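Structure first, commentary second.
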Amino acid sequence: MVENREGHLRVLATAKKGYLSWYYDWLPTNCVASWVCPAETGAGYPEYAYRDGPEFGYKNLAVFYHSCTYDCLFCQNSHFRGQYLEGATAAAELAAAVDDKTACVCYFGGDPASQLEHALVTSRLARREADNTGRILRICWETNGSASARGTRQMMEIALASGGCVKFDVKAADESLHVALTGVSNRQTWENLALLVEYIPRRPSPPPLVASTLLVPGYVDEDEVAAIARRLADLNDYIPYSLLAFYPSHHMRDLPTTSRAHAERCYQAAQEAGLKRVRLANVHLLAPGDYA
Ligand code: SF4
Ligand code: SF4
């Protein structure tokens, strides 16, 4: 066990004991990468998708790990902090939840980087069964990018082979800001992004690497988004990039929801930085007007 800055425990999980909850989500779902992924667009059909369009009739197995390697002040999923070490699910038990209507698995949380061995073993078991029965099963990861280089490559190899993707939530370009917001440096995340772009030419469609950033009012403004987008574009300007609306939560309940004006400035900044695929997500959350 390792303590983070709040004194909460981080979980060191094994394949036999994962601390998580899971549920099914019918496709297409509001996944951060859905605008470019096989479940919504049919990209990669028929090798990686059941339909040449929205994958109606199939579902996603959403795996929510109850632990994280970061300690974000704005955490939008902070309820997992009250569920540390509740129960335990073996990788084999979780893999058995993949049935013949499950077209994809998404690991998130929390963050799968904090229980990576469990997620990797689950993925291998589920993929073996899918291969044996001739089924499509995409494996996707939603992560802050903090896993080791070796672990990150393993995540990508499984995503690449299965038609899935690795989704990196990039919190900030500036390291000091990143430490202030998350408690952790962003160096590992940027190093991992640099190694993952090598995989893009191996399967350009559907895209194996997707990035996103939460637009935290007063902290992650258009200048910060431009800096993130420039670094992403320098790596590969075709990386799909989603900008996500913030809503007040965890230790930042006193902040407003991202405004439409803030989001539009960030959208423009990301495009001007050279990224070719930028999207504003969660637009239903955007507050009218601006902060001034
Ligand atoms: S888990 Fe992957 S395949 Fe499924 S909806 Fe999300 S990005 Fe698409
Ligand atoms: S990386 Fe995500 S889940 Fe982890 S603390 Fe930050 S916002 Fe919460």
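The values are calculated or read from the model by the stated rules, or taken from the named source; none is laboratory data. In this text the structure is predicted, and so the values were computed from the model without any measurement. Side chains included, ligands, DNA and RNA excluded: accessible areas come from the protein's heavy atoms. Shrake-Rupley method; radii C 1.70, N 1.55, O 1.52, S 1.80 Å.
Points worth noting:
- Over the chain, Cα pairs under 8 Å with separation of 6+ residues give a relative contact order of 16 percent.
- Gaussian network model of the chain, springs between alpha carbon atoms under 10 Å - residue of A97, A39, A159 with greatest fluctuation: A97
- Length released on extending from E175 to A92, taking residue separation times 0.36 nm less the Cα-Cα span: 26.0 nm
- Portion, in percent, of the accessible area of the chain that falls on carbon or sulfur, probe 1.4 Å: 51
- Backbone amide hydrogens, once placed in the peptide plane, bring H66 within less than 5 Å of Y19, L20, S21, excluding anything fewer than 5 places away on its chain.
- Spherically averaged projected area in nm², based on the convex hull that wraps the Cα atoms of region 90-246: 9.4
- In this structure, the pairs whose alpha-carbon distance is over 31 Å, taken from K101/K171; K16/K167; K17/K276; K17/K101, are K101/K171; K17/K276.
- Calculated accessible area for region 102-153 comes out at 33 Å² per residue, all protein chains present (probe 1.4 Å; ligands, DNA, RNA ignored).
- Distant-in-sequence amide H partners of T102 (H built 1.01 Å from N, under 5 Å): K59
- When all alpha carbon pairs of the chain are counted in 10 Å bins from zero, the resulting P(r) reads 7, 29, 37, 23, 4, 0 %.
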